[in-house]
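See structure below.
The values are calculated or read from the model by the stated rules, or taken from the named source; none is laboratory data. Predicted model, so just to flag it, every value in this text is computed and none were measured. Here the Cβ positions follow ideal geometry from the backbone for every residue, glycine too, while neighbour counts run over all protein chains shown. The protein model used for the area step is the full one, side chains on, heavy atoms only, and it has no ligands, DNA or RNA in it. Shrake-Rupley method; radii C 1.70, N 1.55, O 1.52, S 1.80 Å.
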Amino acid sequence: EWTDFERATIQEIFSKIDSGVVGPAALSRCLIVYPWTQRYFGSFGNLYNAAAITSNPKVAAHGKVVIGGLEKAVKNMDDIKTTYKDLSVLHSDKLRVDPDNFNLLADCLTIVVASQMGQAFTPDVQAAFQKFLAVVVASLRKQYH
Ligand code: HEM
């Protein structure tokens with residue numbers, strides 16, 4: 001279901017991005033732009049405003065963890081659903097994250113990666129990246145009932 005171009009593009013994006021920059025930037029953006037997503041991070045301390053969110057070390061650390069999760073999907077592109085089985089159960093049964101929020105974080109990731117890549121983020125690259133994120137989101141949703 002992946003073309004050679006899509007595979008190469010996804011692998012290249014993840015080999016180039018700095019997870020310690022992109023992860024925190026995407027998660028902070030999600031918490032700022034869609035403030036209701038903050039409700040799941042009650043243990044993260046001060047999320048009072050944009051400055052507090054972007055300088056919160058727990059947000060930064062967790063942003064990096066999210067990219068680590070995505071890298072697992074990159075390594076298992078042909079079976080993301082199985083790869084994400086436990087992660088999906090965690091987000092649904094334990095964390096009770098409304099699955100609509102997955103798309104919001106995915107959109108923030110797209111914006112951050114686009115701004116990092118500049119001209120290299122062509123429409124074809126965007127299409128491949130968003131297709132990958134759509135499969136990730138569908139796989140995270142899988143265990144919801
Ligand atoms: C935990 C990935 C979206 C809320 C995690 C973990 C990973 C992860 C890898 C750590 C799991 C572990 O410790 O075993 C992802 C990915 C997402 C995503 C790849 C989508 C692209 C979201 C969204 C929310 C959310 C949208 C809420 C709005 C949480 C929370 C935790 C967590 C609250 C536990 C954090 C903690 O207490 O340390 N996620 N996640 N996730 N995720 Fe997600």
Legend entry - Hits in segment 1-22 (condition: of a type in the set (K, R) and either at positive phi or surrounded by 13 or more Cβ atoms within 10 Å (Cβ to Cβ) (or both)): R7
Inset, instruction - Would you check if D98 is assigned to a helix (DSSP H, G or I) and among the acidic types (D, E)? - result: no
Legend entry - Meets criteria (within 13 Å of the ligand (Cβ to nearest atom), in contact with a helix residue (DSSP H, G or I) (Cβ under 6 Å, 6 or more places away or on another chain), of a type in the set (A, V, I, L, M) and within 18 Å of E12 (Cβ to Cβ)) for L109: yes
Legend entry - Verdict on A61 being within 12 Å of the ligand (Cβ to nearest atom) and farther than 15 Å from L27 by Cβ: no
Legend entry - Selection within segment 45-58 - touching a residue at least 12 places away in the same chain (Cβ under 8 Å) and either within 13 Å of the chain's Cα centre (by Cα) or open to solvent by 40 Å² or more (accessible area, probe 1.4 Å) (or both): G45, A50, T54, K58
Inset, instruction - Just give me the residues in segment 84-96 being over 14 Å from the mean Cα position of the chain (by Cα) and either under 20 Å from S19 (Cα atoms) or within 8 Å of the ligand (Cβ to nearest atom) (or both), in sequence order. - result: D86, L90, L95
Legend entry - Single unsatisfied condition, T37 versus (1) open to solvent by less than 40 Å² (accessible area, probe 1.4 Å); (2) more than 8 Å from the ligand (Cβ to nearest atom); (3) more than 13 Å from the chain's Cα centre (by Cα): (2)
